[in-house]
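Below you'll find the structure, written out as structure tokens, and then a few comments.
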Amino acid sequence: MRKLILKMSMSLDGFVGGPNDEMRWIFESSSEETIDWLVKTISAAGLHIMGSRTFQDMVNYWPTSREPIAAPMNAIPKMVFSRKGLSAGPTRALKDVGQAREARGEAAAAKPVANAETWNGVPVRTGDLAVEIGALKQQPGGDILAHGGVGFAQSLVATGLIDEYHLTIHPIALGQGRSPFSSLAAPLRLHLMETVGFKTGVVAHLYRPR
């Protein structure tokens with residue numbers, strides 16, 4: 001059976017974005033170390049799944065990105081989950097990541113990069129999330145890596161089907177924002193499998209539900 005892994009970046013106080021979905025703070029504490037870890041994590045997946053708003057951000061970013069993460073993001077198959085289909089536009093996160101790209105002096109590729117065509121015709125699932133995910137986990141192939149956003153992550157958590165949580169904690173407290181765990185019906189108890197620390201203060205925590 002394939003594992004379902006939820007990968008998210010979080011602040012010290014447990015938020016994945018500010019009250020207006022601000023996410024620039026994630027990129028401010030990134031480094032070559034954290035990027036290398038992310039590339040390895042993402043490359044191990046057999047399928048990337050996400051909500052429709054995250055898809056709109058990614059389809060407008062990765063096909064022209066020269067960053068190391070772009071290679072597995074573009075090459076690995078994708079699937080979108082949204083009861084309303086692909087109606088939403090890009091979010092604040094796309095603006096923040098674009099500004100971070102400019103701050104690093106990086107320009108978008110003039111033409112789509114290798115495997116950019118995999119973002120065309122991505123399947124969109126609109127049925128019951130638990131049923132859809134349960135069926136995907138029974139299929140052969142590599143693990144399923146979920147990217148969010150926060151609403152999609154909350155829905156995934158509610159299904160009880162997540163096998164591992166890969167949470168990168170950044171050295172910042174936001175005070176308020178949005179959490180993937182804010183809609184829990186009961187406490188979620190986790191077992192810490194591994195921690196990986198980076199020089200920037202970012203710490204990756206790998207958990208499994210007890």
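Structure summary
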quantity	calculated
Candidates Ala70, Ala100 - the one that is under 29 Å from Glu132 (Cα atoms) and either modelled with pLDDT of 90 or more or surrounded by 15 or more Cβ atoms within 10 Å (Cβ to Cβ) (or both)	Ala70
Segment 1-23 residues that are closer than 14 Å to Gly148 by Cβ, paired with ones that are among the acidic types (Asp, Glu) (beta carbon under 7 Å, 6 or more apart)	Leu4/Asp163; Ile5/Asp143; Ile5/Asp163; Ile5/Glu164; Met23/Asp96
Qualifying residue in segment 113-127 (condition: surrounded by 12 or more Cβ atoms within 10 Å (Cβ to Cβ), closer than 22 Å to Met10 by Cβ and either within 18 Å of the chain's Cα centre (by Cα) or among the basic types (Lys, Arg) (or both))	no
Any hit, segment 182-197, residues being within 24 Å of Thr54 (Cα to Cα), in contact with a Lys or Arg (Cβ under 9 Å, 6 or more places away or on another chain) and among the hydroxyl-bearing types (Ser, Thr, Tyr)	no
Residue that is closer than 11 Å to His170 by Cβ and either of a type outside the set (Val, Ile, Thr) or surrounded by fewer than 21 Cβ atoms within 10 Å (Cβ to Cβ) (or both), where the choices are Ser29, Ser43	Ser29
Only listed residue being crowded, with 16+ Cβ neighbours inside 10 Å and in contact with a strand residue (DSSP E or B) (Cβ under 9 Å, 6 or more places away or on another chain), chosen from Gly148, Gly160, Gly141	Gly148
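The values are calculated or read from the model by the stated rules, or taken from the named source; none is laboratory data. As the structure is a prediction and not an experimental result, all values here were calculated from the model. Counting neighbours? That spans all protein chains shown, and the Cβs are built from the backbone with ideal geometry, glycine included.
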